[in-house]
Structures are given as C-alpha cells and as structure tokens.
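None of the figures in this text is laboratory data; all of them are computed from the coordinates on show. All values derive from a computational prediction rather than experimental measurement. Every residue, glycine as well, gets a Cβ built from its backbone with ideal geometry; the counts of neighbours run over all protein chains shown.
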Amino acid sequence: MPLHPPTTDWPAASGPMLHIDAGVATLTLNRPQQRNSLTDADLQELAQHLATIEADAAVRVLVLTARLHSAAAVFSAGYHMGGFDADTSQGPQGFERVCEALSRLRPVTLCALNGSVYGGATDLALACDFRLGVHGMELRMPAAALGLHYYPGGLQRSVARLGLGGARRLFLLAQALPADELLRMGYLDALVAPDALPAEVARWCRNLCRLAPLALQGMKQSLQEMALGEPNLQGWREREARSQRSADFTEGRAAFAQRRAAVFVGR
C-alpha cells in the first residue's frame, strides 16, 4: 500500500487530506510550500478527521504523514506562528486538544515522519503510538528559545513516552537532534532510508491489521493510562474480560490449534 494515495488531483495547498482504504486511514498534511505549518483552520480539520476515524469501526490503523516540498523535506514546522497574534486564535490550546485526541484515538496510530519535525509537530508525532523516521531528518523543539512554556499535555506526554531525561533533551536544550539520536532515545521506533519508508509503513500496517483489534485497541488504551499515571484497574479488568469473551479470542485459539492464520473481526 502506498504511503498516501496519488496526489495528482490534490490542490497545491489545503487542509489535511484523509483517505481510508482496507482498514487503514491515511491523514496527510498538505501545505508543503509552507513546510506543513498548521493554522487554526488546519487544526479544526484535523479534529474533524480524527472524529471521522474514531467513528469508523472498520479503521484499524491510522497513518499520519505529510506531502513534502521537493526542496525541503519537512514533515511539519508545527503551529503557524502568526496564530499567536490573531485575536480569534485558539493558540496552543487548540493544538493541545488535537494532540490529546490523537493520543486517545481508538485505532493504533503510526506517524510516518518522511521529513524533519519542528515545534508543536514534535508533539503531534509523539501523540501517535509509533513513529517511523528517515535518515537525514532532524527534530527541534524551540520553545525555550522563543520564551514559551510549552503546554502541560505535551510535557506530560514527552515524559511518559521518553522518560524525564529524554523530555529534558527535547525541551531544555532547544537544539536540533539528528535521526540516529532520536532512534536511540526512543522517539523513533524505526529509521530507514527515505525511499524505503513507504514499504516500511506498509509492512507495519499489514502486521497491525492482522492482529485482533479488540485486544489491540484495549491494550493500547490501558498502556497509555498506566504510562500517564491514570489508575483504572476496573477498566483494565473489564477490557481483559471482554477480550476473553470475544469471538476473536475463540478464533485466535482455533487458528493456533489448526496452525493457520486467524481472521479477526473485532468482536
């Protein structure tokens, strides 16, 4: 499956584009000439797309990626700086709400970082369950260099996913971090050549779509709650019990006994 569908019919610049096929939703940032910086309108469209994905039970995986400008491989430069000066702007609060919704999304989420990532986009990627990056990319979180205390949700997510040391490197140094460093610190889950990224994304999607969605999505939620220090033992037990009663668990045991691939339906 391609990283995103053919873009020949797409406008040169637009809000995020959503494509759903065979259980995989692909959400593509589409302002390459502006380094895919996100306006308030873009954030509103992202929120709407996420709601659409959440409501579609057939979607098992979300891939977040970006259309690149040929001269600058930038996944996203984050929030459009002009939004801080606009009287009607939601500012970082709107960005925080989108990242929170992405982090809580039902399907498993992959961020295909086909270019460098800056500013608030570093949290947009971190809100995904997995991040696949490319050689030559870099990351920079410049909040401290701009005089900005970052929003609490992004700081908390960084500590939960990277540990305190990793979060400090991102936020307190305000320095560009190269791809190999991002892999070592756990920000990236895989690092490949740029031309190998579509095949790597497809491989991850195929594997995730083969797994039992009820168990997969339930454990995703439970792991996040545990990482963020949100006690929910009753909810964790309920998800466990639901999976044990599910048709998918019956199918999984039968497939194991018969030495065949299981076919899961999410019930």
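Quick notes on this one:
- Using the Cβ-Cβ distance between A13 and A261 with R0 = 30 Å, the FRET efficiency computed as 1/(1 + (r/R0)^6) comes to roughly 0.10.
- Using the empirical formula 2.2 N^0.38 Å as the baseline, the Cα radius of gyration of the chain reaches a ratio of 1.02.
- Extension gain (nm, one decimal) between R184 and R203, 0.36 nm per residue minus Cα-Cα: 4.7 nm
- Three-way shape call for the stretch 212-258 based on the alpha-carbon gyration tensor, with the a/c threshold at 1.5: prolate
- Within the chain, percent of DSSP bridges classed antiparallel, to nearest 5: 25 percent
- The Cα atoms of the stretch 117-267 give a gyration tensor whose axes a ≥ b ≥ c have a/c of 1.5 or more with a/b no greater than b/c, which makes the shape oblate.
- Helix 213-227 vs. the chain, principal-axis angle (Cα, 0 to 90°, nearest 10): 50 degrees
- The stretch between A47 and A193, if pulled fully straight at 0.36 nm per residue, gains 49.5 nm over its current Cα-Cα span.
- Between the stretch 165-234 and the stretch 43-74, the Cα center-to-center distance that results, in Å: 16 Å
- Helix axis angle, 91-103 relative to the chain longest principal axis, alpha carbon, degrees: 20 degrees
- For the chain, C99, C205, C209 have no disulfide-compatible partner, since no other Cys C-beta lies under 4.7 Å from theirs.
- Folded to 0 to 90 degrees: helix 152-173 orientation relative to the chain principal axis, Cα: 50 degrees
- Helical runs assigned H by DSSP (4 residues or longer) give the chain a calculated mean residue ellipticity at 222 nm of -14000 deg cm²/dmol, each run adding -39500 (n - 2.57) before division by the residue total.
- Gain on full stretching of the segment that runs from A227 to L155 - 0.36 nm per residue minus C-alpha separation: 24.6 nm
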